[in-house]
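Just so you know, all these numbers are worked out from the coordinates, no wet-lab data involved. Values in this document were obtained by computation on a predicted structure and should not be read as measured data. Neighbour counts are summed over all protein chains in view; Cβ atoms, including those assigned to glycine, are modelled from backbone coordinates with ideal geometry.
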Amino acid sequence: MERPVGDLLTPQHNALIAAKMKEHAKNGCPLCHGESWTIASDRVLVLAERPTPGLITSAPVVFIPVVPVVCNTCSFQMHFNAIALGVMDKEGQMTHG
Ligand SMILES: [Zn+2]
């Protein structure tokens, strides 16, 4: 079964993420000070609010779109908010990078 491609990161998105890392991670990884990073997914992922067990509700679940980036030395992982980063708009559509 083929995976959907709607939330795939483009080379332009990857360049934007690399630029953010270069601009803001001047001291390297906050744990080991390593300076080598990998974008850990080829698409935007989501953090989701955990539903209350046993509670049936029509309230919307909160999703936060993120791009995970992993330190190649110690495996510490951070998440960029995909909307604030500019790879996704507030309606959940991918930008063109
Ligand atoms: Zn590290």
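Between helix 11-24 and the chain there is an angle of about 60 degrees, using the helix long axis and the longest principal axis of the Cα atoms. Site pair Thr73 and Arg50 shows an inter-label distance of 3.2 nm when each label is modelled 7 Å from Cα along Cα→Cβ.
When only Cα pairs below 8 angstrom with a gap of at least 6 residues are kept, the range 11-85 shows a relative contact order of 31 percent.
You can think of it this way: the chain between Cys32 and Lys90 has 17.5 nm of extra reach, that is 0.36 nm per residue less the Cα-Cα gap. For the range 19-97, the direction-averaged projected area of the alpha-carbon convex hull comes to 6.9 nm². Straight-line cross-link reach from Lys90 at under 20 Å between alpha-carbon atoms covers these lysines, not counting any fewer than eight positions away in the same chain: Lys20. Sites listed here are trypsin sites (Lys or Arg not before Pro) in the chain whose DSSP assignment is loop and whose Cβ has at most 11 other Cβ atoms within 10 Å: Lys26, Lys90.
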